[in-house]
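The structure appears right after this line, and notes come after that.
The values are calculated or read from the model by the stated rules, or taken from the named source; none is laboratory data. Here the structure is a predicted model, which means the values were calculated and not measured. We place every Cβ from the backbone using ideal geometry, glycine too, and count neighbours over all the protein chains shown. In case anyone asks, the SASA skips ligands and DNA or RNA and just uses the protein heavy atoms, side chains included. Shrake-Rupley method; radii C 1.70, N 1.55, O 1.52, S 1.80 Å.
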Amino acid sequence: MSIGKPAAEPLWLQGRDAVVENDEGVKWRHGRPDYHLTRITVGKERTHHFPEKSLEMVVEDLVRVFEMEVSHKADPTQWVSVVLDKFRNRTNGGPWHTGQDIAARGSYNLFLGDTPYYKASEETFDSSHEVFHTAFPEGFFWEVLEVYSPPPVVSFKWRHWGNFTGPYKGQQPTGKRVEIFGMSVARVAEDLRLVEVEHYYDNSLFLSQIATGCPVHAAGTK
């Protein structure tokens with residue numbers, strides 16, 4: 001499946017590295033991010049490969065730009081991947097969240113919510129990132145597996161993966177590969193910026209792979 005692009009390709013369709021490099025005036029949370037090692041790992045460990053400029057790669061690149069921006073750009077008005085005044089996001093049919101909500105509370109917290117293994121309501125943006133960067137110090141990667149429909153409503157299946165090699169809230173790592181599979185439905189504008197995104201996946205199945213033992217104890221462990 002392929003998609004036509006305008007002759008003058010907008011920044012958000014040029015890939016994550018291009019957006020990172022065009023950072024004049026950007027308010028980075030902790031400095032400009034570096035995805036050099038991520039590119040190497042994903043190249044070796046991804047399970048699906050698609051032609052350049054295919055719809056699958058356009059979707060994958062746009063989602064990566066979005067993920068980078070929500071994680072590293074403190075000011076949502078500087079996110080180029082979304083139509084900010086219309087943008088909203090939710091997981092598993094839960095409440096809708098705006099770009100400002102994500103910037104304030106953190107994508108991990110809004111993506112995971114409160115479960116027996118993780119209490120998003122007790123975490124901040126920074127603490128949530130610390131929790132999962134500690135548990136997955138080598139990185140937690142993402143790829144598109146299938147795209148089911150083209151714009152303006154793009155539905156797609158995805159895979160997240162990483163090695164559990166760091167402690168999770170005081171629990172020792174297993175060193176095992178952890179994977180999440182899910183699907184998302186993204187509504188996009190004519191220029192392919194994100195307007196609305198819905199995610200569907202089993203968050204407890206993911207967290208139970210790293211929060212071993214009693215889930216009540218795991219959630220309370222700091």
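Residues that are closer than 27 Å to Gln78 by Cα and of a type in the set (D, E, K, R) within the range 21-51 comprise Glu21, Asp23, Glu24, Lys27, Arg29, Arg32, Asp34, Arg39, listed in sequence order. Name the single residue, out of those in the range 138-165 being touching a strand residue (DSSP E or B) at 6+ places or on another chain (Cβ under 9 Å) and outside any strand (DSSP E or B), that is farthest from Thr41 (Cα to Cα). Filtering first and then ranking leaves Pro152. For the range 148-163, a residue qualifies if it is of a type outside the set (Lys, Arg) and surrounded by 15 or more Cβ atoms within 10 Å (Cβ to Cβ), and the qualifying residues are Pro150, Pro151, Val154, Ser155, Phe156, Trp158, His160, Trp161, Gly162, Asn163. Which pairs do you get when a residue that is more than 14 Å from Tyr201 (Cβ to Cβ) and free of Cβ contacts under 8 Å to residues at least 40 places away in the same chain, found in the range 90-118, comes within reach of a residue that is open to solvent by 20 Å² or more (accessible area, probe 1.4 Å) and of a type in the set (Gly, Ala, Ser), reach meaning Cβ atoms under 7 angstrom, with the pair 6+ apart or on two chains? Partner pairs satisfying both residue conditions: Ala103/Ala74; Asp114/Ser121. Mind listing just one residue for me: the one in the range 70-93 that is in contact with a helix residue (DSSP H, G or I) (Cβ under 9 Å, 6 or more places away or on another chain), small (Gly, Ala, Ser) and surrounded by fewer than 18 Cβ atoms within 10 Å (Cβ to Cβ) and, of those, farthest from Met183 (Cα to Cα)? Taking the candidates together, the pick is Ala74.
Checking each residue in the range 46-69 for being open to solvent by 20 Å² or more (accessible area, probe 1.4 Å) and outside any loop (DSSP other than H, G, I, E, B) picks out Glu56, Met57, Asp61, Val63, Arg64, Phe66, Glu67.
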